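Beneath this line is the structure, given in structure tokens, with notes to follow.
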Amino acid sequence: MLDANATLAVSSRTLFKRGPSINAKRLYEALRNLGEIVVTPTMKAVFKGVPARPRPADGEGRRLVVAWMRDLGLEVTIDRIGNVFARREGRRNDLEPVMIGSHIDSVPTAGRFDGCLGVLGGLEIVRVLNEQKIQTDRPIVVAFFTDEEGCHLAPTCSAALWQPTFASTMLMR
């Protein structure tokens, strides 16, 4: 452990090794495509992602993201409350997976990338790993949660219902 007076000499080469990079244009296009699903006059100032209240567009947005997950070869599982988990196997599937994600339902006034960036960013990471034929040691799970922040199904958010025992069963095979 370093104390406040310690000096750490590390070259920038060590700190910033260049590895695979995401395709920012492709990621932004995915965010834009998901956002185009629900363009309504009342949502002009809010992120135009999957709507706050379940409507046909919510299902359309979910189906789109699940299709992208399957196109990447991920094993998709949907639990009883609509949380979606897409798993990419690793070399060591006995290890706990790395989970990436958030929500794709919009949170009023939360901003253009709230939630969706975490989910679609995770899919972009998997896409790059697949393209470069990089196998990770641990499995990767990209997930999106139903009402993760509790804005629509108050007083509780559904992600809070996600039990650790379920996580163990779902993610560890």
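Answer yes if at least one residue in region 31-50 is modelled with pLDDT of 85 or more and part of a loop (DSSP other than H, G, I, E, B), and no otherwise. Scanning region 31-50, I find no residue that is modelled with pLDDT of 85 or more and part of a loop (DSSP other than H, G, I, E, B), so the answer is no. Evaluated against (1) closer than 21 Å to residue 27 by Cα; (2) in a loop (DSSP other than H, G, I, E, B); (3) at pLDDT below 95; (4) more than 14 Å from the chain's Cα centre (by Cα), residue 114 falls short on exactly one condition, (4).
Restricting region 75-97 to residues that are among the hydrophobic types (A, V, I, L, M, F, W, C) and under 14 Å from residue 144 (Cα atoms), the residue that is surrounded by the most Cβ atoms within 10 Å (Cβ to Cβ) is 86. Using the structure shown, decide if residue 100 is among the β-branched types (Val, Ile, Thr) and either in contact with an Asp or Glu (Cβ under 9 Å, 6 or more places away or on another chain) or over 18 Å from residue 129 (Cα atoms) (or both). It is false that residue 100 is among the β-branched types (Val, Ile, Thr) and either in contact with an Asp or Glu (Cβ under 9 Å, 6 or more places away or on another chain) or over 18 Å from residue 129 (Cα atoms) (or both). Within region 55-84, the residues that satisfy the criterion of being in contact (Cβ under 8 Å) with a residue 12 or more places away in the chain, out of contact with any Ser or Thr (no Cβ under 6 Å at 6 or more places or on another chain) and in a loop (DSSP other than H, G, I, E, B) are 55, 72, 73, 74, 79.
The values are calculated or read from the model by the stated rules, or taken from the named source; none is laboratory data. Bear in mind the structure is a predicted one, so any value in this text is a computation, not a measurement. Cβ sites come from the backbone with ideal geometry, for glycine too, and all protein chains shown count toward neighbours.
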